[in-house]
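Some notes on the structure that comes next.
The values are calculated or read from the model by the stated rules, or taken from the named source; none is laboratory data. Quick caveat, the model's predicted, so the values are computed rather than measured. Note that each Cβ is placed from the backbone with ideal geometry, even for glycine, and that neighbours are counted across all protein chains shown.
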Amino acid sequence: MPISHSPRVSGRTGRTSRTGPAPEPTPPRPGFHEPREPRLAARVTATRTGVVWSGLWAVAVIFIVFMVFVVSNTGDVRVSFAGMSGVLPLAVVLMAAMAAGTAVALILGTARLTQLRPLTRKRLR
C-alpha cells in the first residue's frame, strides 16, 4: 500500500519506506535555537496601574507634609456647601478636602485593580 502523505521528520519532509531504516534526524544548524515562549514576567516591566499606585504613595507623603502645614493654620473660615453654612477652623476644612480627595482616588484605584485582576488571570492561563 503506497503512502499518500509525506511525514515531517525534524522539520523536513521526506518519504519513509516500510522496509528501510528510518531517516536520521538532521542536526540543527549552528547558532540556531528553537524559539521559546517568553515568560510573562520578562515581558511586563511596568504597568500603568503600578505607576499610578506608586504615585499615590508619593501623594500620600505630600499630604502628610500638608497636614503639618494645615495644623499651623487654625484660623476660622466661613464655609457654605449645599445650603449649609458655618464657621470652621481652616485646618478642619483643608483636612476634610484632603480626606475626600484621597477617598475618591483609593476607590477609583480599587475599582481599576478589581477590573484588571480577571484579565491578568485570563492572560496567565
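Taking the condition in a loop (DSSP other than H, G, I, E, B) and modelled with pLDDT of 75 or more, does ALA60 pass?
Taking the combined requirement at face value, the residue does not satisfy it.
Exactly one condition in (1) under 30 Å from ARG125 (Cβ atoms); (2) in contact with a helix residue (DSSP H, G or I) (Cβ under 9 Å, 6 or more places away or on another chain); (3) modelled with pLDDT of 85 or more; (4) among the polar types (S, T, N, Q) is false for THR47; which is it?
Checking THR47 against (1) under 30 Å from ARG125 (Cβ atoms); (2) in contact with a helix residue (DSSP H, G or I) (Cβ under 9 Å, 6 or more places away or on another chain); (3) modelled with pLDDT of 85 or more; (4) among the polar types (S, T, N, Q), the one that fails is (3).
Which one is farthest from PHE66 (Cα to Cα) among residues in segment 87-125 that are β-branched (Val, Ile, Thr) and assigned to a helix (DSSP H, G or I)? Spell out how you get there, then give the answer.
The first filter runs over segment 87-125 and keeps only residues β-branched (Val, Ile, Thr), leaving 87, 92-93, 102, 104, 107, 110, 114, 120.
Going one step further and asking which of them are assigned to a helix (DSSP H, G or I), we end up with 92-93, 102, 104, 107, 110, 114, 120.
Details: VAL92: 12, VAL93: 13, THR102: 13, VAL104: 18, ILE107: 22, THR110: 24, THR114: 30, THR120: 36 Å.
Checking each candidate, the answer is THR120.
Name the residues in segment 54-85 that are exposed (fewer than 10 other Cβ atoms within 10 Å of the Cβ) and among the charged types (D, E, K, R), would you?
ARG78
Give the residue, chosen from VAL77, VAL52, VAL68, that is hydrophobic (A, V, I, L, M, F, W, C), more than 23 Å from the chain's Cα centre (by Cα) and at pLDDT 85 or above.
Among VAL77, VAL52, VAL68, only VAL77 is hydrophobic (A, V, I, L, M, F, W, C), more than 23 Å from the chain's Cα centre (by Cα) and at pLDDT 85 or above.
Please count how many residues of segment 86-114 are more than 24 Å from ARG48 (Cα to Cα) and loosely packed, with under 11 Cβ neighbours inside 10 Å.
Final tally of qualifying residues: 2.
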